[in-house]
């Protein structure tokens, strides 16, 4: 089956620093990738939609200058949390959509970000 | 906007008994519905989807779901629960504006031995 990886799986950073999270589709090309955020014991909230070669589309309330998304290739999207603060601590999950007409998204294992 | 609701925060069932995790939907047009499972500190694993066709959808790990248009429901079921089925289950619907998913709040399933 289709596999999506995320790196790192867990990161701790100091307040004010930036953190980059990578999302890779390992065995398929993903024209579209999504970034979700999940708070403890809560549902996933869509942050942005990332299309290869174009600017990401951010959901209302998500600061695009704080959460920088780059989708430079059909297998890689990155989320950079800039000037991180403790309230940015969360579980970030990416998903990838193959460009084959399949409606099924494939999810990465998630990245646990802790900002101290 | 397309949305789903999971009315139960937690479902408890004894191992070997049938389980049902409820989901209702609200959509304009044809619904594209999904069930995912999440284990602690892990991403989501796809269980099954309904796009069109038979109302009874069979998925991974012995799970199935029944699409009921009159009741706008898409309940997840399994005939015989396993302790290893204990996890967080999410119902989701494809957003009308694109391919992103709108998730329910999740239902925690606890299967006791």
Practice task
Working only within the stretch B:49-69, note down all residues that are under 20 Å from residue A:109 (Cα atoms) and touching a residue at least 24 places away in the same chain (Cβ under 8 Å).
Solution key: B:61
Practice task
Inspect all residues belonging to the stretch B:58-78 and state whether any of them is surrounded by fewer than 21 Cβ atoms within 10 Å (Cβ to Cβ) and either under 26 Å from residue A:49 (Cα atoms) or touching a helix residue (DSSP H, G or I) at 6+ places or on another chain (Cβ under 7 Å) (or both).
Solution key: no
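Just give me the residues in the stretch B:55-113 being part of a loop (DSSP other than H, G, I, E, B) and more than 14 Å from chain A (Cβ to nearest Cβ), in sequence order.
Within the stretch B:55-113, the first condition is being part of a loop (DSSP other than H, G, I, E, B), and the residues that meet it are B:55, B:59, B:63, B:69-72, B:79-82, B:86, B:95-100, B:104-106, B:113.
Selection gives B:55, B:63, B:69, B:70, B:71, B:72, B:79, B:80, B:81, B:82, B:86, B:113.
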Exercise for the section: Could you list, in sequence order, all residues of the stretch B:4-20 that are within 11 Å of another protein chain (Cβ to nearest Cβ) and surrounded by fewer than 13 Cβ atoms within 10 Å (Cβ to Cβ)? Expected result: B:9, B:10
Handout entry: Qualifying positions in the stretch A:82-116 - within 11 Å of chain B (Cβ to nearest Cβ) and under 14 Å from residue A:20 (Cα atoms)
Key = A:91, A:92, A:93, A:94, A:110, A:111, A:112
Completion exercise
Checked the stretch B:21-52 for anything touching a strand residue (DSSP E or B) at 6+ places or on another chain (Cβ under 9 Å), more than 11 Å from chain A (Cβ to nearest Cβ) and loosely packed, with under 15 Cβ neighbours inside 10 Å; matches are B:26
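Where a number appears in this text, it was derived from the coordinates with a stated rule and is not lab data. What you see is a predicted model; the values in this text were computed from it and never measured. Cβ: placed from backbone, ideal geometry, glycine included. Neighbour counts: every protein chain shown.
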